[in-house]
Amino acid sequence: MNTETNAAAGTAATRDARRWWDADGGWSTADATGTVLVIDSWLVDEGRVRGLDRHAERFRSSCDRFPEPGPDRTDRFMRAVAESLPARGRWFPRVELVDTGSGTRLRMWLRPAPPRTATVRLWTPTGPDRRRLPAVKGADLDHLAALRADATTAGADEALLVSAEGHVVEGASTSIVWWRGDTLCGPPPGPGLLPGITRSLLGELARTAGLRAVTERATAPDLAGLPVWTLNALHGIRPVTEGLGRFRDTDAEEAARWQSRLAALAVPTGELPDSRGEPMKEVSP
């Protein structure tokens, strides 16, 4: 990261700021106009981030659904983003593919990170899952934000999404996993599930520790006696205390141990490496 960019990122003027990026002109001031098509975001804590290469790959893959900007330009944008991330403070930058009405453009929104919370309460909305493109982060942004607002009104923190068959899928802004003894479980991949970066990292940590990480379809009653966690880039691991599964004090202690392992994966920002996550292995319930 160059000194000029780093210094600018730390000033009050760049807090909560949006900037366009163009292959020829680089960065320029942006506003909030346009229709957001794809997003991705991650936590930057004192210049360190985990899984940035995977966030970049997920963003590239989603952008490839559209005629523009093309994989090469998206890749150059993500490398420019990585080089411009602040080295001090806690940030939650969001990259966006935006329809401006006359075409698509790439934008970064540099946001201060909200406080992390240690646990989460889930609320299940009534009616069918109305997402259009669940596997593309940002495609249903307004709908998911409305669900989270409804969850808050209901006294919870996060909305739980279930399939038409009643199987647990994910939260409005989180992946959902659960433990069956020493086996880490989660919903199977598919068009109805966003590929979770934190989930993929946790699955690798579990396998490295000699544990199994598998997928299965499960309804809420199937999980009644099990510890359930939500996962995302901002909060990491949060045990579910209400709305799904069961919660005990020992669950929080176990989650804290895994949270430390997850935090240890963070590396300095600056250069975007090229690696891929290993998905969980599909098994029968």
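Read-outs throughout are calculated quantities, based only on the coordinates presented, and are distinct from any laboratory measurement. The structure displayed is predicted, hence computed values, not measured ones. A quick note on method: Cβ atoms are made from the backbone with ideal geometry, for glycine too, and the neighbour counts reach across all protein chains shown.
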- Query: If you stretched the chain out fully between residue 72 and residue 182, how much longer would it get, using 0.36 nm times the residue separation minus the C-alpha to C-alpha distance?
  - Reply: 35.4 nm
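Given N residues in the chain, what is Rg(Cα) / (2.2 N^0.38 Å)?
So the chain has a normalised radius of gyration of 1.00.
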- Item | Amide H within-cut-off set for residue 122, under 5 Å, with H built and near neighbours excluded | 157, 241, 242, 243, 244
- In this structure, the FRET efficiency calculated for residue 132 and residue 250 from their beta-carbon separation, with R0 = 35 Å, to the nearest 0.05, is 0.30
- Note on the structure: Under the 7 Å Cα-to-Cβ spin-label approximation, residue 88 and residue 267 lie apart by a distance in nanometres of 2.6
- Placing +1 at every Lys and Arg Cβ and -1 at every Asp and Glu Cβ, with all other atoms neutral, what dipole size does the chain have around its Cα centre, in debye to the nearest 20? 260
- Query: Taking amide H positions as placed 1.01 Å from N in the peptide plane, with prolines and chain starts having none, which residues 5 or more places from residue 139, or on another chain, fall under 5 Å of its amide H?
  - Reply: 39
- Note on the structure: With the dipole of the chain defined by +1 on each Lys or Arg Cβ and -1 on each Asp or Glu Cβ, the option from 34, 202, 98 whose Cα lies farthest towards the positive pole is 202
- Among 139, 128, 113, which residue has its Cα positioned farthest towards the positive end of the charge dipole of the range 104-147, with +1 placed on the Cβ of Lys and Arg, -1 on the Cβ of Asp and Glu, and the dipole taken about the Cα centre? 113
- Under Karplus coefficients 6.51, -1.76 and 1.60, residue-wise ³J(HN,Hα) of the range 66-79 in Hz, glycine/proline x: 10, x, 10, x, x, x, 5, 5, 5, 5, 5, 4, 5, 5
- Task: For the chain, calculate the relative contact order in percent as a whole number, restricting contacts to Cα pairs under 8 Å that are 6 or more residues apart.
- Result: 20
- What is the gain in length, in nm to one decimal, between residue 257 and residue 209 on full extension, counting 0.36 nm per residue of separation less the C-alpha to C-alpha distance? 16.0 nm
- Item | Distant alpha-carbon pairs in the range 40-174 (separation over 20 angstrom), percent | 55
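If the viscosity is 1.306 mPa s and the temperature 10 °C, what Stokes-Einstein diffusion coefficient in µm²/s follows for the range 129-285 when Rh is the Kirkwood radius over Cα pairs?
Details: Rh = 16.3 Å.
Answer, rounded: 98 µm²/s.
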- Task: Just the Kirkwood number for the range 120-184, please: inverse of mean 1/r across all distinct Cα pairs, in Å, one decimal.
- Result: 12.5
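Using the Cα centre as the reference, give the magnitude of the dipole from point charges on the C-beta atoms of the range 24-118 (Lys, Arg: +1; Asp, Glu: -1; all else neutral), rounded to the nearest 20 debye. Intermediate results must be reported in sequence, preceding the final value.
Working: 16 positive and 14 negative charges, 83 e Å.
Dipole of the range 24-118, to the nearest 20 debye: 400 debye.
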- Message: So, R0 is 22 Å and r is the distance between the beta-carbons of residue 35 and residue 146; what FRET efficiency does that work out to, to 0.05?
- Response: 0.85
